[in-house]
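Okay, so here's the structure we're looking at.
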Amino acid sequence: MNKNIAVIRGDGIGPEIVGQALLVLDRVAERYGHTFTYTSVDMGGCAIDKWGDPLPETMLQKCVASDSVLLGAVGGPKWNDVPGNMRPEKGLLRLRAGMGVYSNNRPAKIWPQLADASPLKPSIVEKGIDFLIVRELIGGIYFGKHETVSEDGKRVAIDELRYSEEEIRRIGRIGFETARKRRKRLTSVEKSNVLDSSRLWKKIIHELAGEYPDVTLTDMLVDNCAMQIVKDPSQFDVIVTENMFGDILSDEASMITGSIGMIPSSSLGKTKCGLYEPIHGSAPDIAGKDIANPIGTILAAAMMLRFSFDMDKEADAIEKAVSAVLDGGYRTGDILSPGCKQVGCKEMGRLIIENLP
Ligand code: IPM
Ligand code: MG
């Protein structure tokens, strides 16, 4: 198959980790007879420096016209003082909205080889950690009006949080459909004891539940969910939640699996053209040192093959190669434990390619 992939290297460690993911994709293409063509897209701080805009319209169009987008990470202290609507992160938000990718899928699964890297007690980890956060990605407080005004000579900041029933229904469906393909348990996470948007959320999710009698639905308040994720993560199968709660809970969920550096994510909307990225940030403190963990991005590339290109065996091959390298005791610094061999970003990429079945 021929696929055109828009590639956003971004800032900080972005170029290094994406570089390794492309080498893996090249090898997969060669091995399985595909042609992947890469179109470079500037987004984030580097686009601000070059174009004065974190995502120029022409760059967004390249993404929309592609078969899928692979992204490293954006942002860094260099752009801390630019106005809110011109920040590197705003480029990412505009990309997500422009592509219409409302459903963000973030797995929290422990690799058995990394059980020691989890900060949780072995007695908790042993019960199993294998759940998925389905995060609404293009609505809620991220996309409401943000403003700072002056009232009686004092500054007041306002961020608007709104959800329409359609926005809730379409992500709710993804939650139910995803649970249906797994262990059939869905936890809907909200703050309905305080927020109107959460009360509507809960109502719509319960309306949908009638269509999915085979899925067991549980409601959970977000603060309780944060607690349950560290107390007994084995209780979760699929969590569906709104944008900001999903942002926060997915960082927490990644940490209990050992390292945020291991977790990929997919974002999809109405079409097969998806956005694939690791969930971690641009880690400017370690950029350019060849010590970043490229596995989150490499696994994101595998997700792209699976969900957007229907290349299941190619995706399996990448995941197996990652597992084999971990079995071999190779670790980047973030997942290092005693007795393992520390490798850098490039060496980790090379080992994964070498272990492709
Ligand atoms: C994420 C990130 C982004 C978000 C930032 C970079 C805007 O934290 O993908 O989780 O908050 O969505
Ligand atoms: Mg986040």
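For the chain, the square roots of the Cα gyration tensor eigenvalues, ordered a ≥ b ≥ c, give a/c below 1.5, which places it in the rounded category. Of the GluC sites (Glu not before Pro) found in the stretch 198-293, the ones in coil according to DSSP and having at most 15 other Cβ atoms within 10 Å of their Cβ are E211. Our summary gives the chain a relative contact order of 22 percent, counting only alpha carbon pairs under 8 angstrom and 6 or more residues apart. Let a ≥ b ≥ c be the square roots of the eigenvalues of the Cα gyration tensor of the stretch 1-79; is it rounded (a/c under 1.5), or, if not, prolate (a/b larger than b/c) or oblate? Because a/c hits 1.5 or more and a/b fails to exceed b/c, the stretch 1-79 counts as oblate. The stretch between E166 and M244 holds 26.3 nm of extra length on full extension. This uses 0.36 nm per residue minus the Cα-Cα distance. Modelled spin labels at D251 and E126, positioned 7 Å past Cα toward Cβ, are 3.2 nm from each other.
For the stretch 80-97, the residues whose amide N sits under 20 Å from a probe point set 7 Å from the Cα of I158 along the beta carbon direction are 84-85. Listed by chain and number, the lysines whose alpha-carbon sits under 23 Å from that of K50, ignoring those within fewer than 8 places in the same chain, are K62, K78, K90.
Determine the sum of side-chain charges near R306: Lys and Arg each +1, Asp and Glu each -1, restricted to other residues whose C-beta is under 12 angstrom from that of R306.
Numbers: positive: K272, K313; negative: D310, D312, E314, D316, E319.
Result for the neighbourhood of R306: -3.
Only Lys, Arg, Asp and Glu carry charge here, each on its Cβ (+1 for the first two, -1 for the last two); on that basis the stretch 253-318 has a dipole of about 180 debye about its Cα centre. Place +1 on the Cβ of every Lys and Arg and -1 on the Cβ of every Asp and Glu in the chain, take the dipole about the Cα centre, and give the residue among L161, N193, G339 whose Cα lies farthest towards its positive end. Of L161, N193, G339, it is G339. Checking the cross-link filter: which lysines have an alpha carbon closer than 29 Å to that of K184, excluding same-chain neighbours under 8 positions apart? Counting by Cα, and skipping residues close in sequence, K184 has these lysines nearby: K109, K121, K127, K202, K203, K231, K270, K272, K313, K320. With no solvent and one equal point scatterer per Cα, compute the Debye intensity ratio I(q)/I(0) for the stretch 179-237 at 0.17, 0.25 Å⁻¹ and report its log10, rounded to two decimals. Here the Debye-derived log intensity ratios amount to -0.60, -1.05. Here the dipole of the chain is about 540 debye; that uses its Cα centre as origin and unit charges on the Cβ of Lys and Arg (positive) and Asp and Glu (negative). Here's how it looks for F36: its modeled amide H is under 5 Å from those of K3, which are all 5 or more places away or on a different chain. Net charge dipole, the stretch 159-254: roughly 500 debye, given to the nearest 20, about the Cα centre with Cβ charges of +1 for Lys and Arg and -1 for Asp and Glu.
Checking the a/c ratio against 1.5 first, then a/b against b/c, what shape does the Cα gyration tensor give for the stretch 265-354? Oblate.
Cross-link reach is defined here as a Cα-Cα straight distance under 23 Å, omitting same-chain residues fewer than 8 places apart; for K154 the lysines meeting it are K145.
The numbers here are math on the coordinates, done by the rules we state, and not lab data. Worth saying up front: this structure is predicted, and the values here are computed from it rather than measured. Note: ideal-geometry Cβ built from the backbone for every residue, glycine included; neighbour counts use all protein chains shown.
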